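Notes to accompany the following structure.
The values are calculated or read from the model by the stated rules, or taken from the named source; none is laboratory data. Quantities reported herein were computed from a predicted structural model and do not represent experimental measurements. Cβ placement follows ideal geometry from the backbone for every residue including glycine, while neighbour counts extend to all protein chains displayed. Protein only, heavy atoms only, side chains kept; ligands, DNA and RNA dropped before computing areas. Shrake-Rupley method; radii C 1.70, N 1.55, O 1.52, S 1.80 Å.
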Amino acid sequence: MQYKYRLLTPGPTPIPEKVKLAMAKDIIHHRKEKFMSIMGRVQEKLRLLFGTKNEVLLLSCSGTGAMQAAVFNLFNRDEKVLIVEGGKFGKRWTEIAKVRSLVPITLEVEWGSPVDPSLIEETLKKDINIKGVLVQASETSTGVLHPIEKIGKITKRLDRLLVVDGISAVGISPCPMDKWHIDCLITGSQKGLMLPPGLALISLSDRAWDKAKGVKREDYYFYLIGEREKIKKGQTLYTSPVSLIVGLDACMDIFFSSTLEEIYKKYWALTQMTREGISLMGLECLAKTSYTWGLTSVVLSKGVDGVLLTKELAKEFNLYIAGGQDHLKGKIIRIGHMGDVDAGDILFALNAIYRVLKKEYNITCKDKNFLGKAYDVYEESLIKGYFDSTE
Ligand SMILES: *Cc1c(COP(=O)(O)O)cnc(C)c1O
């Protein structure tokens with residue numbers, strides 16, 4: 001007997017039934033009234049989600065496309081940028097910056113640790129030619145949450161742009177753009193937004209728009225000044241990903257039928273529960289203190305092959321989780337708890353991981369009631385509410 005399909009990866013994530021049904025409808029035309037009214041409605045809610053008074057632009061591409069759009073629209077060739085490299089996605093900023101012919105200064109951070117904001121401050125003070133800081137809110141390859149609020153205070157004071165890849169943070173943990181002085185915030189559809197892949201979202205601050213005006217257009221497709229003009233009319237520059245936007249409308253309905261705080265609380269509680277279960281199983285989380293709320297990265301015991309483990313979980317339990325990337329491949333697993341995931345899914349995943357470790361490696365858990373205790377932590381966390389895990 002096959003178990004129910006469970007997708008607990010840090011993107012793509014499970015999609016709510018309501019959103020799937022909305023997307024299955026006939027395609028409407030992207031220049032007609034009906035679509036423009038959906039765009040208007042979605043735009044209002046996206047501004048609340050991003051915590052900004054400015055437009056949230058919609059691009060037809062995966063999240064990386066929006067990262068590229070940010071770099072190409074905000075910086076001219078040969079400009080210096082400071083990049084926080086604490087994982088695979090931090091490295092991606094550097095790769096894009098190089099393709100753009102920028103001069104990237106990298107701040108290397110151990111994979112699994114958050115960046116120390118005082119190092120950013122020091123580097124920016126030493127070199128007045130650094131125009132901006134590029135960082136992830138949540139580094140999905142390690143499960144680390146970087147202290148964006150603190151970095152925002154520094155970049156604002158020193159008058160540099162703060163560009164944040166919030167792809168695994170927006171809609172999962174607080175990342176209020178205007179309040180935290182973020183100049184560019186990005187996300188993608190297939191993570192916290194509970195949609196299929198293919199749509200990216202990006203918003204710029206007033207300061208960032210001023211900077212963008214002085215940047216030479218060297219990319220035809222990703223042209224943010226043009227997108228901004230169009231979105232004021234409820235449209236995108238080129239043919240819109242209509243089904244994804246209709247799905248986004250349904251998704252925003254779900255988000256705002258409760259409150260953002262309630263959503264964050266759910267992810268916070270799922271995170272606490274997952275971490276508790278993992279620790280009761282005798283395993284360690286990679287991110288010790290500053291951990292992200294949409295996934296948990298778990299360090300495997302010596303001799304355990306993460307690639308084999310994830311394959312077994314798929315085969316035996318129809319459960320899909322992610323492995324490690326680059327030098328962490330095989331050494332860690334990453335359990336996603338973003339999108340339409342609930343406590344039952346996490347209990348199932350913890351149990352499945354335990355069963356495979358026992359069967360394949362004879363690793364047993366001292367506490368037979370680890371699932372019950374993990375669930376207790378879930379309930380307690382829902383009641384207590386969340387706090388800033390980067391503190
Ligand atoms: C998933 C992810 C990306 C990559 O997005 P794609 O949609 O695969 O292009 C970039 N940054 C972070 C932090 C992510 O989690």
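Shown here is the pair-distance distribution of the stretch 143-245: with all Cα-Cα distances grouped in 5 Å bins from zero up to the longest one, the shares run 2, 11, 19, 21, 20, 16, 9, 2, 0 percent.
Under Stokes-Einstein, with the Kirkwood radius over Cα pairs standing in for Rh, what whole-number D in µm²/s applies to the chain at 25 °C and 0.890 mPa s? Calculated translational D: 114 µm²/s. For the stretch 1-83, chymotrypsin sites (Phe, Trp or Tyr not before Pro) are listed when DSSP marks them as loop and at most 12 other Cβ atoms sit within 10 Å of their Cβ; the list is TYR3, TYR5. Helices in the chain, meaning DSSP H runs of at least 4 residues, each add -39500 (n - 2.57). Divided by all residues, the mean residue ellipticity at 222 nm is -13500 deg cm²/dmol.
Among the listed pairs LYS98/LYS150; LYS18/LYS191; LYS266/LYS373, which have their C-alpha atoms separated by more than 21 angstrom in this model? Write out the running numbers ahead of the final one.
Details: LYS98/LYS150 27 Å; LYS18/LYS191 17 Å; LYS266/LYS373 17 Å.
Checking Cα-Cα distances, LYS98/LYS150 exceed 21 Å.
Normalising the Debye intensity of the stretch 188-321 to I(0), with uniform scatterers on Cα atoms only, and taking log10 at q = 0.13, 0.17 Å⁻¹ returns -0.86, -1.08. As I understand it, the value is the acute angle between the Cα axis of helix 260-280 and the longest principal axis of the Cα atoms of the chain; what does it come to in degrees, rounded to 10? Orientation of helix 260-280: about 40 degrees from the principal axis. For the chain, the per residue solvent-accessible surface stands at 42 Å², with DNA, RNA and ligands left out and a 1.4 Å probe.
For ILE128 and ILE28, a Förster radius of 41 Å and the Cβ-Cβ distance give a FRET efficiency of 0.25, rounded to the nearest 0.05.
Computed over protein heavy atoms with a 1.4 Å probe, the carbon and sulfur contribution to the accessible area of the chain reaches 53%.
Among the listed pairs LYS331/LYS359; LYS302/LYS329; LYS25/LYS232; LYS45/LYS179, those whose Cα-Cα separation exceeds 21 Å are LYS25/LYS232. For the set LYS53/LYS384; LYS88/LYS216; LYS91/LYS288; LYS4/LYS311, the pairs lying more than 23 angstrom apart at their alpha carbons are LYS53/LYS384; LYS88/LYS216. If a spin label sat at a point 7 angstrom from the Cα of ASP376 along the line to its beta carbon, the backbone N atoms of the stretch 245-286 nearer than 20 Å would be those of 269-283. Angle of helix 63-74 to the longest C-alpha principal axis of the chain, folded into 0 to 90 degrees and rounded to 10: 30°. According to the calculation over all Cα-Cα pairs in the stretch 285-349, the P(r) per 10 Å bin from zero is 21, 52, 26, 1 %. The trypsin sites (Lys or Arg not before Pro) of the stretch 298-385 that meet both conditions, a loop assignment by DSSP and at most 14 other Cβ atoms within 10 Å of the site Cβ, are LYS302, LYS329, LYS366, LYS368. Report the local net charge at LEU124: Lys and Arg +1, Asp and Glu -1, summed over other residues whose C-beta lies under 11 Å from its C-beta. Around LEU124, the charge tally is +2.
Across the alpha-carbon set of the stretch 288-391, the Rg to Rh ratio works out to 0.97, Rh being the Kirkwood radius. The long axis of helix 242-257 is offset from the longest Cα principal axis of the chain by roughly 70 degrees.
Taking a ≥ b ≥ c as the square roots of the eigenvalues of the alpha-carbon gyration tensor, the stretch 32-74 is classed oblate because a/c is 1.5 or more while a/b is no larger than b/c.
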